[in-house]
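The values are calculated or read from the model by the stated rules, or taken from the named source; none is laboratory data. Quantities reported herein were computed from a predicted structural model and do not represent experimental measurements. Every residue, glycine as well, gets a Cβ built from its backbone with ideal geometry; the counts of neighbours run over all protein chains shown. For the accessible areas, the whole protein counts, side chains as well, though only heavy atoms, and no ligand, DNA or RNA atoms are used. Shrake-Rupley method; radii C 1.70, N 1.55, O 1.52, S 1.80 Å.
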Amino acid sequence: MQMLALYSIKGGVGKTASAINLAAQASLAGQRVLIWDLDPQAATTFYLRNKPRIRGGGVEKLVKGKALLEKTIRETDMAGLDLLPASLESREMDMLLEGRKASRLRKVLKPVSDDYDLIVLDCPPGLTTLSKQVFSSVDALLVPVVPTTLSMRTLNQLQQYLDGENIATPLWPFLTLVDRRRKLHQESMADFRKAWPTHLSANIPYASVVEQMGSHQAPLTQFAPRTAAAVAYRNLWEEISKRL
Ligand SMILES: Nc1ncnc2c1ncn2[C@@H]1O[C@H](COP(=O)(O)OP(=O)(O)O)[C@@H](O)[C@H]1O
Ligand SMILES: [Mg+2]
């Protein structure tokens, strides 16, 4: 079982859109995939036509390893893609995770680790106790970066934080919401490639079809598989899978 997180200190950079589309691409490629919606805003849960709720004891039991994960996990409309939905109580998650061992999230998933090839975490923004757990649990951090100076500054801050905490989890940043017509984007993209040798080279374009995921409540593969954005996510997934 491998674990990846879509993570950024910033909100609104495409974490959720990327988590869903990459998970969908992985399942299309034959992987058994679980996506865990760690964001109390529950966007991933909504996009995958579910409601935020943790059955049988709430997030507290889940984190303590007692809840039957099988009961909480739901199937989605896509074969090979399951969902661990957000819990409205996951605001409390930080509190519960405080002081627990760093790789706790991986432990929580142990009972189902044989059922999945890949687990994708969709994270809330910010640097919290939960994000520290994420950093220590995953094989790599996939960081969506909008090609602007500010967004890249945040990426540097993240790297500095990880270095300071001696966390060796690799950062695999990639560009998203890319508008090639904008000069600023073009310049920032060149800087990005130079500054981040570990970047993933597939860029996700700014595309209204991604915004339409909300009304379709489905990944791009389900309603717009031949669009540039869907192809970009497929290329991105292929690149990621080669590194795993
Ligand atoms: N490639 C894209 N093109 C156009 N809109 C996008 C793209 N990726 C994300 N969006 C939109 O931007 C907003 C934020 O994206 P989201 O994935 O929710 O970001 P995050 O999870 O980082 O907060 C959403 O409204 C989403 O539909
Ligand atoms: Mg999100």
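Odds and ends about this structure:
- Meets criteria (in contact (Cβ under 8 Å) with a residue 12 or more places away in the chain and more than 13 Å from ligand 2 (Cβ to nearest atom)) for ALA5: no
- Within the range 194-229, the residues that satisfy the criterion of being assigned to a helix (DSSP H, G or I), over 18 Å from the mean Cα position of the chain (by Cα) and over 18 Å from SER8 (Cβ atoms) are LYS194, SER208, VAL209, SER215, HIS216, GLN222, PHE223, ALA228.
- Looking only at residues in the range 70-90 that are at pLDDT below 80 and over 18 Å from the mean Cα position of the chain (by Cα), the one that is most open to solvent (accessible area, probe 1.4 Å) is LEU88.
- A single entry from SER151, SER131 fulfils the requirement of being over 16 Å from the mean Cα position of the chain (by Cα) and within 16 Å of ligand 2 (Cβ to nearest atom): SER151.
- You will find that of VAL138, VAL146, the residue that is open to solvent by less than 20 Å² (accessible area, probe 1.4 Å) and in contact (Cβ under 8 Å) with a residue 60 or more places away in the chain is VAL138 and no other.
- Failed item, numbered, when ARG100 is tested on (1) open to solvent by 50 Å² or more (accessible area, probe 1.4 Å); (2) at pLDDT 95 or above: (2)
- Sole residue being away from ligand 1 (no atom under 16 Å from the Cβ) and in a helix (DSSP H, G or I), chosen from ALA19, ALA26, ALA79: ALA26
- Meets criteria (among the aliphatic types (A, V, I, L, M) and without any contact (Cβ under 8 Å) to a residue 40 or more places away in the chain) for VAL59: yes
- Pairing residues of the range 112-130 that are within 18 Å of GLU165 (Cβ to Cβ) with residues that are away from ligand 2 (no atom under 16 Å from the Cβ) and modelled with pLDDT of 95 or more, at Cβ distances under 7 Å and at least 6 apart in sequence or on separate chains, gives LEU127/TYR161.
For every residue, the table says whether it meets (1) in contact with a His (Cβ under 8 Å, 6 or more places away or on another chain); (2) within 16 Å of ligand 1 (Cβ to nearest atom); (3) at pLDDT 95 or above; (4) over 30 Å from GLY30 (Cα atoms).
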position	(1), (2), (3), (4)
ALA140	no, no, yes, no
THR149	no, no, no, yes
ASP163	no, no, yes, yes
PRO173	yes, yes, yes, no
HIS185	no, yes, no, yes
PRO205	no, yes, yes, no
GLN222	yes, yes, yes, no
PRO225	no, yes, yes, no
ARG234	no, yes, yes, no
